[in-house]
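Participant: Quick one: the structure is below, questions incoming.
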Amino acid sequence: MKDKIKSLYERFEKANEKKQNWESHWDECYSYSFPQRENVVSSYKSNNIGDKKNTHLYDGTAPDAVDQLAASLLAELTPPWSKWFGFKAGKDLSKEEKDNISPELEKITETMSSNFDYSNFSVEIHQCYLDLVVAGTACLMFEEAPIGESSAFRFYAVPLKEIAVEENSNGKIDTTFRESEIGLEGIKSRFPEAKIPNQLIEKMSDDFDYKAKLIEAVIPKITKFGVSGYEYIAFIWDENTLHTNDNYIILREGNFETSPFINFRWLKAPGEIYGRSPVMKTLPDIKTVNKVVELVLKNASISVTGIWQADDDGVLNPANIKLVPGSIIPKAIGSKGLTPLEAPGNFDVSQLLLDDLRKRIRHSLLTDRLSQIDTPTMTATEVLERSEQMVRILGASFGRLQSELLTPLMKRAFYILKRRGEIPPLSLDGRTLDLQYKSPLALSQSQKDASNVINWIQTVSSFAPTSFEAVDIKEATRWLGRTLNVPESLNVLLQIRLKMSWQICKRTQNYYKALWQM
């Protein structure tokens, strides 16, 4: 065990060294676009909590655009108090089995949605979206809450300064190290079963502000069949307080079926582990706007107060002059006294430059394309076109977020509830049970598919009086219900009503068919 912990610590330090190349870049992105977030550079270690962090900013275009893009991601991917996910029967089930399991899937969705709604998920995932937009990489810690709380889920948006990750050969982040600081109360709360040495208890009791270094490692368990779970180890590493040969204390060991750390990226360059962000792309424009506004404000100060010159005649002392109304400034006989210095010109192009740069910043951060609709009335075609545009804009990023965020998130939530006995013991493997995303962004593509099917039905029915018989009305309504996120109970009622309409339509078609044959 001693060699294992030391090997893990060396592995953590190597992963941390690889992260150091990113820290200065992250710090610059945060300082210009989201300075309220705690420092991402691990060497700072939260010594400036509560300090003013935006005194160097002169323009708020980038911070405002970052807030709007993060809010758009929250509304389009994981809207609060809304069913943005669901489950459907897998491909291996027969048609009869799919019909029988549908009501149970509705109950599973309701149970999981309720646990998400009553947890702190919306708060923490919004913070992760801010990290994603600014730094390109975010980490969400997904823990199981104690029995008796309102939700079985508990989340925490882990700052980038605390994590170090490793990537496997498939380009997936599967190993996560988290370095944080913990006190005596934190150890007793998070790790009540841990055995703490007396010397560490005395150190923490004497110095209440003392925090020990906590290392948490989540490593995949590799077998010949692939990844079969994750190994979790939490230990304290302290070379100064622990006067032993080990320098560590194991607080907890265990195994997870799914990783509690969910790491996801906006986009990734080949050969890199951490992601690239929209703020990184437009950072030169953000810095330029900030500098131009600073110079404009300095120029405005000069325009208001002016620059003055005076003859050195031994009478006028510039240090004693106050430019206030009603003041009398003495001057020598024959001298000009205090005179303003005229500017060589007043050709101001700063506003034109700022307008162009701010427009480019909003465009790069998708503010102009994902912002709230200003038009009070829009036609159905305009709404559909806007939805298609949104899918095109976020299509590539949504695919990565679905793979790295939504799917691991749903699988971990499913396994936690299944282990607690709150949902049936089904397998979420794509064959028996499969995921179905119902967020506004996912439904945008579904609406287009539904529109194509409806147009096809209308086109087929217009060919001839008997052509409508080629449409399976029951299967069509069920497919439209699933595609448009209609509850299964309503879908049954819709099938009854459409069947009645189809019978009326069929009688009408028989009438026209008889006329056609005459």
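The values are calculated or read from the model by the stated rules, or taken from the named source; none is laboratory data. Keep in mind that what you see is a predicted model, and the values were worked out from it rather than measured. Don't worry about glycine lacking a Cβ; one is built from the backbone with ideal geometry, like all the others, and counts go over all protein chains shown. Remember, those area values only see protein heavy atoms, side chains included, never the ligands or the DNA or RNA. Shrake-Rupley method; radii C 1.70, N 1.55, O 1.52, S 1.80 Å.
Participant: How much FRET efficiency would the formula 1/(1 + (r/R0)^6) give for Ser114 and Asn255, where r is the Cβ-Cβ distance and R0 is 30 Å, rounded to 0.05?
Facilitator: My answer for the efficiency is 0.65.
Participant: A further question on this structure: Ranked highest first by average number of other Cβ atoms within 10 Å, how do 398-411, 295-308, 94-107 line up?
Facilitator: Working: 398-411: 18.2, 295-308: 11.2, 94-107: 13.5.
Packing order, densest peptide first, comes out as 398-411, 94-107, 295-308.
Participant: Additional query: Residue separation times 0.36 nm, minus the C-alpha to C-alpha distance between Ile302 and Phe225: what's the value?
Facilitator: Contour length minus Cα-Cα distance gives 20.5 nm.
Participant: Jot down the radius of gyration and Dmax of region 67-165, Cα atoms only, both in angstrom.
Facilitator: Looking at region 67-165, its Cα Rg and Dmax stand at 16.7, 52 Å.
Participant: When the solvent-accessible surface of protein heavy atoms is calculated with a 1.4 angstrom probe, in what order do Trp84, Trp479 fall, highest first?
Facilitator: Heavy-atom accessible area, descending, gives Trp479, Trp84.
Participant: Using a ≥ b ≥ c from the Cα gyration tensor of region 194-290 (square roots of the eigenvalues), is it rounded, prolate or oblate, where a/c under 1.5 gives rounded and otherwise the larger of a/b and b/c decides, a/b for prolate?
Facilitator: Here region 194-290 falls in the oblate category.
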